[in-house]
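Below is one structure; the comments refer to it alone.
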Amino acid sequence: MDSYLHQNFVFKLMTEEVVSSCPLYSCSKDEHIDKFFHSEFMDYDRQMLGKSYCFVSRQEPRIAAAFTVANSSVRVDNMPKSKRNKLNRKIPFSKQRSQYPAVLIAQLAVFDDYRGRNLGEEVLNFIKSWFIDPLNKTGCRYIVVDAVNNPKVLQFYLDNGFDFIFSSDLEEMQYMSKAVQIDEADLYRETRLMVFDLMSIRSKV
């Protein structure tokens, strides 16, 4: 049976023309995401930094959800040994590298009128399926997200198969800044790096 997403919405590249024809959408819970999908997404497109896509209602000119993806990688060469080994052991020894190809979900939004319908989970499932499709134009082992560091958002990604690359804010800060000592006052990161291994679902297709 088709999902609610596929039954009720059309997948489109997000363009200025699409936005002008579907003006009534908002993400009141996050003003930064709201601003991005109204006025900034095309700048990222023009600079070739990210491509945005959306799901438009079949019944009315409304955008229900949108996301932006960009090329990325998961670097393991300067990770703590335990983390490096955790990722490398899933890769055949002859194919192990210092970094692995990934796609970054730079932005993801379900707009106000469509909240409470599990659309966020369905959008993630769509993205996962998209990047294991045999017609995908590039190799992509992982999906990466820099998730907003609050319990609800982090749990959403955990429930959808993502995992933390680092076990704590401190470990992630040390990795990102390459600093040995971190001031205790700076122990909170606004985002947490999380990853999903596409091989975990490719084997099931």
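Some notes on this structure:
- Stretched out straight at 0.36 nm per residue, the stretch from T15 to R58 would grow longer than its current Cα-Cα span by 13.7 nm.
- Sequence of E121, E40 when ordered by accessible area, the most exposed leading, probe 1.4 angstrom: E121, E40
- Among the listed pairs K35/K90; K35/K137; K51/K152; K29/K51; K51/K86; K12/K35, those with a Cα-Cα distance over 28 Å are K35/K90; K35/K137; K51/K86.
- Under 18 Å of direct C-alpha separation, and excluding same-chain neighbours fewer than eight residues apart, K83 reaches these aspartates and glutamates: D146, D163, D169, E171, E172, D197.
- Accessible carbon and sulfur surface of the chain relative to its total accessible area, %, 1.4 Å: 52 percent
- Using a probe of 1.4 Å, the accessible surface attributed to S57 totals some 20 Å² when neighbouring protein chains are kept in position.
- C-alpha center-to-center spacing [segment 24-71, segment 88-140] in angstrom: 17 Å
- Adding -39500 (n - 2.57) for every DSSP H run of four residues or longer, then dividing by how many residues the chain holds, sets the calculated 222 nm ellipticity at -8500 deg cm²/dmol.
- Segment 1-72: C-alpha gyration tensor shape, a/c 1.5 cut-off, then a/b vs b/c: prolate
- Placing unit charges on each Cβ (+1 for Lys and Arg, -1 for Asp and Glu) gives segment 1-128 a dipole about its Cα centre, and among Q47, S20, L104 the Cα reaching farthest toward its positive end belongs to L104.
- Note on T191: accessible area is roughly 30 Å² with a 1.4 Å probe, heavy atoms of protein only.
- Among [x] 52, 43, 33; [y] 69, 33, 32; [z] 75, 31, 30, the entry that matches Cα extents along the principal axes in Å as calculated here: [x]
The values are calculated or read from the model by the stated rules, or taken from the named source; none is laboratory data. Please read these numbers as outputs of a predicted model, since none were measured by experiment. Glycine gets a Cβ as well: all are built from the backbone with ideal geometry, and neighbour counts include every protein chain shown. Side chains included, ligands, DNA and RNA excluded: accessible areas come from the protein's heavy atoms. Shrake-Rupley method; radii C 1.70, N 1.55, O 1.52, S 1.80 Å.
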